[in-house]
Structure formats: C-alpha cells, structure tokens
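Working notes, structure below.
Read-outs: derived from the displayed coordinates by stated rules, not from any lab. Remember, it's a predicted structure, so these values are computed and weren't measured experimentally. Cβ placement follows ideal geometry from the backbone for every residue including glycine, while neighbour counts extend to all protein chains displayed.
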Amino acid sequence: MKVLLVNPPLRRMVSANVPAFVEKERGTYPPLGLLYIAAYLRERGPVGIEVQVLDTVLMNLTDQQIEEHVREANPDVIGVQTLTFTLLDSLSLVQIAKKVNPHITTVLGGRHCDHYPVETLCHPGVDFVVTGEGEVTMTCLVEHLNDLDILKDMPGLTFRYGDRIVNNPGIPIEKLDELPFPARDMTPYGEYRFLLAKDAVFTTLVTSRGCPYRCSFCDEGHHKFRAFSAQRVVEEILDCRRRLGIRQFFIFDSTFTVDRQRVLDICALLLEHKVDVSFDIRSRIDLMDDEMLHALKQAGCSRIQYGVESGNNGILAAIGKNITVEQVRQVVHKTRTYGFEILCDFMIGLPGETAREVEDTIRLALELPINYAQFAITTPYPGTALYRYGMEKGLFGDYWGVFSRDPSEEFRAHLWEESLDRKQLTDLMMQAYERFYFRPAYIVQELRNMNSLSEIYHKIKAGLRLAFCSVKERM
Ligand code: B12
Ligand code: SF4
C-alpha cells in the first residue's frame, strides 16, 4: 500500500487580507500536520506501507510537475492538507490525482474539513474527508480501506455510504506523548526559509494542541487544550539536534505558556542537557511573568510573540481577550529588560472600531519597545464567535459555507465593515506598517541590533518590499 501526503501549492489561495509583502516574506515551513500523520502511518500503519510526503509549496511545483510527481509515486491513497484559504488548491490536487489514476483514493483533511466536512466531500473526486487530528483516523482508514462497514463507525471520517453520507466527528488525541515525532526527514528539511531565521536550517515545533481561551476572532478555543510533556518536548528537540543538526526552533503553539510549570520544566531540562539551541515562542500577555522570562532566556529563547490585538481597553474586552493595555505595557517592558526580541500582533477593523480606536492600536504599537509588529485586517473565520455574531447581526450570511460549496478565485472574504469599509481598512493597515517600520529611531535601533551582514541584507530587502508595496497599493 502506497500513501502520498501532499501540501498543496498556494497558487489559488483566497486573499487573506494581508499586504503582498507579508505574503512574500512569510517563508516556507515544514507541513507539520502531514509530517505527524506520515510518522504515525510509518510506525503504526499496515505492514508493508510506503509513505511519501510531497511539499509542493517548498518545491514551488507547477501543476504539470505535481502530476509528474504523483505519476512517479503511483500511490493507492493520496492525502491532501486543506485549509479554508487553500481549498481551491486542494481540490485541484484531487483533480490531478484522479487524472493520473481514477482509482487513487483521495482523502482531504485539515482545518477547513473540521468546519465543512460534508461540503468538502461533495466536490468531484473527493472520496474521504477527515475531521480533527488525522494520525489515528488516517491510519485506520488506510488499514480498512475496502471495508466501509468498519469505516462507517470510525470517528473523524466523512464519506459516502450507499445513498447516505456518514459524518463522524473526530476525537481529540488525549495522550499526545504517544505520538511519534513528526517525520521531518520526509521533506528536504534543510531547505525551508524564513526571514527571521538566523540559522540556515531551522524547524518548527508544536508542543500543544488547542487553547483554553475564547477570543471571539479565533477558533483555537474550540479545541481542547492538551500538551506534550516537558520531557517529550525536550526529547524532540534533542532528536532534531542530533539526527538532523537543527539548532533553531520556531515553537508554533498558539499559546506556549498555558501550563506554566511545563514551560519551567522544559527550560530546566534544556539547561540540564546543555542543549545548544535557540527558539522562539508565542504567548498571551497575561501568561508571562519574571520567573518564566528568566527561565526562557537561560534556556535559549530569543524572541517572544505576543497577541496584543488592540490598543483600546473597550475593544479588548469586547473581543474576549481578557487583557488590558496597561498589562500589555507592563509585560512588554518587562520582556524587554530580559533582552528578548519582541513581535506583537495587532488587528485592524475589530467590531466597534472606528478610525479613532484603530489609531489607539497604531499608537500603542509605536509606543512599545518592540522589534516587529504585524497588523492584520480582521477577517471573521469559520467556526469563530465573530463569524456567528456577524451573521446574527445581519452583516453577512454564511459566506464561508457558500465558498465551501462553490469556491472561486474571485471570492473575497468579508471584513467587519460596520464603520470602516474595505478601502479604509486597507489604508489604515498600510499606514500602520509605514508608521511603524519607517520611523528613523526604529531603523537606527534595528540596525544596531543586527548581528550579521545577512541579517542586514534580509531586513533591508523586507523594508524595500514594504516601501514598494505600500506605494504600489496606493496607486
Ligand atoms: C504555523 C501556522 C502558520 C504558519 C506556517 C504554516 C505551516 N505550513 O506550517 C504561517 C505563518 C505561514 C501561517 C499562515 C497562515 N495561516 Co496559519 N497556522 C499555523 C498554526 C499556528 C499551526 C499549524 C500547525 O503546524 N499545527 C500543528 C498540526 C499538528 O496541526 P494541523 O496542521 O492542524 O494538522 C492536523 C489536522 O488538521 C489534520 N490534518 C491536517 N492536514 C491533513 C491532511 C490529511 C490528509 C488528513 C487526513 C488530516 C490532516 O491532522 C493533523 C495532525 O493531527 C495553525 C493553528 C494551529 N494551532 O494548528 C494556524 C492556522 C492553520 N492558520 C490559519 C490561517 C487562517 C492562516 C493564514 C490564512 C493567515 C493569514 N491571515 O494570512 C495564513 C495562510 C497561508 C498559508 N500559506 O497557509 C488558520 C486556518 C483556519 C482555516 N479555517 O483554514 C489556523 C487554524 C489558525 C486559526 N485558528 O485561525 N500559519
Ligand atoms: S487568540 Fe490565542 S489565546 Fe485567544 S483563543 Fe486564539 S489561540 Fe487562544
């Protein structure tokens, strides 16, 4: 049995309302979800299984080249990662697979499928849809591929069964430690690139799943929080270090610091093993304190990314963020004193915002001692409270549902246009980027902090791109 797991290209990606230079500088990262599934299939799948992973984003493949790869791999089953924004690319991959061989079983999985399993199944050529975490479900599916009577009771599977559709919700994996390490060796792990990576070779790490919070614009809170143990996280880092020579890690957990003791234990273990690595993390503002900052610094953490979202307390309360601007100031200043690089995320066009509240956010970004700021226009994503709220208010209908049934490249996701329209929101976002990155004091500060010529080169390149895009987008 041959299984091919594919990270589809980003050619028909729906606009995510971020500036072109952000898209360009986003970088390439290992497709961790697929690599987890690949490792599980390899270790626990049926005897004789052959698993391959094709990262078409990293390899920048054309449809023609993808077709050739599929033909050469000659899989029995093809699994395709499917995010909402990349649905069209995933569906196009299904078409390529069926063109190569109509008998290939096609399986779609990923966050879009969690929200729209039946709609996803109804597209031509899609045989199975997996909802939730795919390791166990995909392995059972491959094991019992021809026995629909067994599959019909399997959690996490959606498929046609006679004249009805079976749609079983997925079950979150409780004992994460039992999962094998993601199969990083199955893609050319040394070739991923990211502007903020200081080492040529880096990787990403996800040490927990889900989130216990309920911010209205995010669907992470609908997934139960579970974490890998500290021991297991450090083992994975050591494994990457020893086997693959990787020293730099981007920890992509939505919120790494939910379990404080776990963070302290990870740091202590890294020190104990004298592991020479650097890493960065994402945290909520209210989940950081002196002891953690100290421990993180000692253990090799170099950058912390905080979700700040707004510079206005009323807005922060309305989106259920449960933090205040004063807390933001305090924690960011404290983080600075420990010598971390700091990146903050801000949102523009949240419900209730006029130009005045957006100005509060931009001013907060300018005032904080941070190295990077990301500004995103609020887009109500499927499965979020914001999306439901917008529909209840009559601001929009279930447009993601419509898109899921009938996706097109012309589709534009709705924004929250109660007080500011799309053009105004876009202008404000570009203004935020310009005001933040083109301050002379900021430029001097960043040049001083740079350690190498390549870093200077990369940052100047990103700066020029920003300047070029902002001029172009205003023309
Ligand atoms: C890291 C990350 C990024 C990184 C890197 C992406 C990468 N290639 O690794 C960057 C910064 C590039 C990024 C960009 C974007 N991202 Co992002 N990202 C994430 C994040 C934080 C972690 C992804 C991850 O590695 N998860 C860990 C693995 C283990 O989980 P997983 O990927 O979900 O995979 C599991 C299941 O989904 C399933 N599965 C996945 N694929 C498949 C395939 C098959 C065949 C099967 C059977 C199962 C299956 O099984 C996997 C193992 O259990 C997630 C949030 C999250 N916590 O997952 C958001 C998330 C995926 N991103 C999201 C969004 C919206 C975006 C952007 C559109 C943001 C923007 N405004 O620009 C862009 C999209 C651009 C793009 N190229 O994809 C949304 C997607 C929502 C949706 N409905 O699709 C998420 C879920 C965040 C959120 N809660 O809103 N992102
Ligand atoms: S924004 Fe962060 S803290 Fe809030 S629900 Fe999403 S992941 Fe959790």
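When only the Cβ of Lys, Arg, Asp and Glu is charged (+1, +1, -1, -1), the dipole of the chain relative to its Cα centre reaches about 1000 debye. Per-residue ellipticity at 222 nm, computed for the chain from helices alone with -39500 (n - 2.57) per DSSP H run of at least four residues, works out to -12500 deg cm²/dmol.
Other residues with beta-carbon under 10 Å from the beta-carbon of I315 carry, at +1 per Lys or Arg and -1 per Asp or Glu, a net charge of -3.
Dimensions of region 2-167 from C-alpha coordinates, computed as largest minus smallest value along each principal axis and given longest first, are 49, 31, 28 Å. Taking amide H positions as placed 1.01 Å from N in the peptide plane, with prolines and chain starts having none, which residues 5 or more places from A376, or on another chain, fall under 5 Å of its amide H? Sorted by chain and number, the residues that satisfy this are F346, M347, I348.
Excluding K2 itself, calculate the net charge of residues whose Cβ lies under 10 Å from the Cβ of K2, where each Lys or Arg counts +1 and each Asp or Glu counts -1. Walk me through the numbers before you get to the answer.
On the way: positive: none; negative: E50, D76.
Neighbour charge sum, excluding K2 itself: -2.
3J(HN,Hα) along region 210-215, derived from phi through the Karplus expression 6.51 cos²θ - 1.76 cosθ + 1.60 where θ = phi - 60°, amounts to x, 7, x, 9, 9, 5 Hz, with x in place of Gly and Pro.
Label-to-label distance for R363 and K334 is 2.5 nm, based on points extended 7 Å past Cα in the beta-carbon direction. Applying the Karplus relation 6.51 cos²θ - 1.76 cosθ + 1.60 with θ = phi - 60° to region 27-35 yields 3J(HN,Hα) values of x, 10, 9, x, x, 3, x, 5, 5 Hz, where x marks Gly and Pro.
A cut-off of 5 Å between modelled amide H atoms, ignoring neighbours fewer than 5 places along the same chain, links L5 with Q52, V53, L54, G79. Straight-line reach from K99: taking Cα to Cα under 16 Å and skipping same-chain neighbours fewer than 8 places apart, the aspartates and glutamates in range are D63, E67, E68, E72, D76, D89, D127.
For the pair E392 and D427, the difference between a 0.36 nm per residue extended length and the Cα-Cα distance amounts to 9.8 nm.
For region 300-448, what is the relative contact order in percent, using Cα pairs closer than 8 Å and at least 6 residues apart in sequence? Normalised by residue count, the contact order of region 300-448 is 24 percent. Computed over region 228-313, the range of Cα coordinates on each principal axis works out to 47, 22, 21 Å, biggest value leading.
Can you tell me the order of 136-145, 222-231 when each peptide is scored by its average per-residue count of other Cβ atoms within 10 angstrom, highest first? Present the calculation step by step, with values, prior to reporting the outcome.
Values: 136-145: 20.5, 222-231: 16.6.
Highest to lowest by the protection proxy: 136-145, 222-231.
Contact order for the chain, expressed relative to its length and based on alpha carbon pairs under 8 Å spaced 6+ residues apart, stands at 13 percent. Annotation: amide H-H contacts under 5 Å for L108 (H modelled 1.01 Å from N, sequence separation of 5 or more, or interchain): V80, F128, V129, V130. In sequence order, region 61-75 has phi-based couplings of 7, 7, 4, 4, 5, 4, 4, 5, 4, 5, 4, 5, 5, 6, x Hz under the Karplus curve 6.51 cos²θ - 1.76 cosθ + 1.60, θ = phi - 60°, and Gly or Pro positions carry x. Extent of the chain along its three principal axes (Cα atoms, max minus min coordinate, largest first): 64, 56, 38 Å.
As a test, work out the antiparallel percent of DSSP beta bridges whose residues both lie in the chain, rounded to the nearest 5.
Values: 9 of 52 bridges.
Roughly 15 percent of the beta bridges in the chain run antiparallel, per DSSP.
Relative contact order, whole percent, for region 2-167 stands at 24, derived from Cα pairs under 8 Å and 6 or more residues apart. Each of the peptides 265-271, 43-49 was scored by the mean count of other Cβ atoms within 10 Å over its residues; in descending order, highest first, they stand as 265-271, 43-49. Within straight-line reach of K334, meaning a Cα separation under 21 Å, sit the following lysines at least 8 residues removed in sequence or on another chain: K297, K321.
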